[in-house]
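Structure provided below as structure tokens; questions to follow.
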């Protein structure tokens with residue numbers, strides 16, 4: 001109980017959570033940019049979002065995609081945060097979860113996370129994953145308390161295009177008829193497929209496959225922050241990276257435990273931008289082969 005000379009702390013306004021609509025993207029994108037910018041600058045790292053416009057475009061795409069479950073948090077009728085769940089595959093990917101810096105650390109982020117976790121149960125997803133900035137102690141603490149397990153240390157890599165060929169590997173644009181072969185690769189590496197994401201990437205023209213000995217041994221939805229790749233062995237991933245025209249967004253995500261792949265990337269002139277952590281809940285198999293996660297997982 002507060003003393004007579006110490007007034008009671010004012011009750012916090014109630015927070016409500018609802019489904020996001022495409023028209024929410026400008027407000028949520030602005031919050032997303034501010035949130036990522038403030039935490040990155042605080043820790044002397046480059047922001048994930050280079051501008052408000054990029055953040056707005058990103059969330060507009062997610063909010064309007066039929067296979068994304070997106071929500072916003074409102075306080076006194078004002079949007080103060082948002083979160084998304086990618087439901088295109090048997091394992092869901094969470095993010096970006098953002099809260100207005102003016103009201104952070106008041107439980108809004110937890111509410112946004114609990115809502116999408118409940119959604120994974122309603123959809124009977126095999127599991128759910130996310131990637132968090134390793135320098136952000138509060139988010140690591142929150143996700144751990146919510147039941148997520150740390151699985152993989154990652155780094156973001158960025159740099160000029162490599163423009164080389166890996167011996168024995170042929171890289172070409174992915175086609176719709178490649179979906180089954182690519183899904184087999186992903187199943188072998190991860191124990192589940194990511195066919196929904198790959199189908200979208202093929203439609204957008206960003207997906208690539210790598211062939212060795214006349215068969216598909218790896219693929220990438222994009223060599224980008226929001227793209228993922230899977231290969232039967234390191235040369236498959238190296239070939240995809242080496243043939244990329246550029247690395248979109250902050251860069252590609254590389255598991256640091258794969259020392260040979262990380263060392264190859266550094267030898268090719270890529271540089272480490274920031275450390276990240278892959279966290280999971282539910283289905284998880286130790287990867288067999290080589291892979292690059294996306295910022296969602």
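Could you please find all residues in the range 11-41 being more than 26 Å from residue 273 (Cα to Cα) and either surrounded by fewer than 17 Cβ atoms within 10 Å (Cβ to Cβ) or out of contact with any helix residue (DSSP H, G or I) (no Cβ under 7 Å at 6 or more places or on another chain) (or both)?
Going through the range 11-41, the residues more than 26 Å from residue 273 (Cα to Cα) turn out to be 11-27.
Within the range 11-41, 11, 12, 13, 14, 16, 18, 19, 21, 22, 23, 26, 27 meet the criteria.
Taking the condition of being part of a helix (DSSP H, G or I), without any contact (Cβ under 8 Å) to a residue 24 or more places away in the chain and closer than 30 Å to residue 179 by Cβ, how many residues in the range 86-133 meet it?
First pass over the range 86-133, keeping only residues part of a helix (DSSP H, G or I): 101-103, 108-122.
Next, only the ones that are without any contact (Cβ under 8 Å) to a residue 24 or more places away in the chain stay: 102, 118, 121-122.
If we keep only those that are closer than 30 Å to residue 179 by Cβ too, we end up with 121-122.
Matching residues across the range 86-133 total 2.
I'd like the residue in the range 214-229 that is modelled with pLDDT of 95 or more and more than 17 Å from the chain's Cα centre (by Cα) and, out of all such residues, is surrounded by the most Cβ atoms within 10 Å (Cβ to Cβ).
Going through the range 214-229, the residues modelled with pLDDT of 95 or more turn out to be 215-229.
If we keep only those that are more than 17 Å from the chain's Cα centre (by Cα) too, we end up with 215-219.
On the way: 215: 10, 216: 21, 217: 24, 218: 30, 219: 28.
By that ranking, first place goes to 218.
Run residue 33 past the list (1) over 15 Å from residue 250 (Cβ atoms); (2) out of contact with any strand residue (DSSP E or B) (no Cβ under 8 Å at 6 or more places or on another chain); (3) at pLDDT 95 or above and report the number of the one that doesn't hold.
Unmet for residue 33, out of (1) over 15 Å from residue 250 (Cβ atoms); (2) out of contact with any strand residue (DSSP E or B) (no Cβ under 8 Å at 6 or more places or on another chain); (3) at pLDDT 95 or above: (1).
To continue, here is another question. Considering the range 245-265 alone, what residues qualify as being under 26 Å from residue 50 (Cβ atoms), touching a residue at least 60 places away in the same chain (Cβ under 8 Å) and touching a strand residue (DSSP E or B) at 6+ places or on another chain (Cβ under 8 Å)? Give the steps one after another, and end with the answer.
Looking only at the range 245-265, we keep the residues that are under 26 Å from residue 50 (Cβ atoms), and these are 245-256, 262, 265.
Those left that are additionally touching a residue at least 60 places away in the same chain (Cβ under 8 Å): 245-247, 249-256, 262, 265.
Those that are under 26 Å from residue 50 (Cβ atoms), touching a residue at least 60 places away in the same chain (Cβ under 8 Å) and touching a strand residue (DSSP E or B) at 6+ places or on another chain (Cβ under 8 Å): 247, 249, 250, 251, 252, 253, 254, 255, 256, 262, 265.
Further, regarding this structure: For the range 134-159, give me the residue count where each residue is in a loop (DSSP other than H, G, I, E, B) and out of contact with any strand residue (DSSP E or B) (no Cβ under 6 Å at 6 or more places or on another chain).
We begin by selecting, within the range 134-159, every residue in a loop (DSSP other than H, G, I, E, B); these are 134-136, 146-148, 159.
Checking which are out of contact with any strand residue (DSSP E or B) (no Cβ under 6 Å at 6 or more places or on another chain) leaves us with 135-136, 146.
Total satisfying the criteria: 3.
I want to confirm something. Restricting to the range 36-59 and keeping residues that are in contact with a strand residue (DSSP E or B) (Cβ under 9 Å, 6 or more places away or on another chain) and under 21 Å from residue 75 (Cα atoms), which single residue is modelled with the lowest pLDDT? Talk me through it step by step, then tell me what you get.
Filtering the range 36-59 for residues in contact with a strand residue (DSSP E or B) (Cβ under 9 Å, 6 or more places away or on another chain) gives 36, 39-40, 43, 45-46, 48, 55, 59.
Pick out the ones that are also under 21 Å from residue 75 (Cα atoms) and you get 36, 59.
On the way: 36: 93, 59: 98.
Across the range 36-59, the extreme among qualifying residues is 36.
Can you tell me how many residues in the range 42-60 are free of Cβ contacts under 8 Å to residues at least 60 places away in the same chain, assigned to a loop (DSSP other than H, G, I, E, B) and surrounded by 16 or more Cβ atoms within 10 Å (Cβ to Cβ)?
Residues that pass the stated criteria total 2.
Sticking with this one: Let me confirm something: among 250, 275, 287, which residue is exposed (fewer than 15 other Cβ atoms within 10 Å of the Cβ) and either assigned to a strand (DSSP E or B) or modelled with pLDDT of 95 or more (or both)? First the steps, then the outcome.
Working: 250 fails: exposed (fewer than 15 other Cβ atoms within 10 Å of the Cβ); 287 fails: exposed (fewer than 15 other Cβ atoms within 10 Å of the Cβ).
None of the other options fit; the residue is 275.
Which residue is modelled with the lowest pLDDT, if the candidates are limited to the range 11-26 and must be more than 21 Å from the chain's Cα centre (by Cα) and in a strand (DSSP E or B)?
Restricting to residues being more than 21 Å from the chain's Cα centre (by Cα) and in a strand (DSSP E or B), the top hit is 15.
Of the residues in the range 174-193, how many are surrounded by fewer than 15 Cβ atoms within 10 Å (Cβ to Cβ) and in contact with a strand residue (DSSP E or B) (Cβ under 6 Å, 6 or more places away or on another chain)?
The total comes to 0.
The values are calculated or read from the model by the stated rules, or taken from the named source; none is laboratory data. What you are looking at is a predicted structure, and each value in this text was computed from that prediction instead of being measured. Neighbour counts are summed over all protein chains in view; Cβ atoms, including those assigned to glycine, are modelled from backbone coordinates with ideal geometry.
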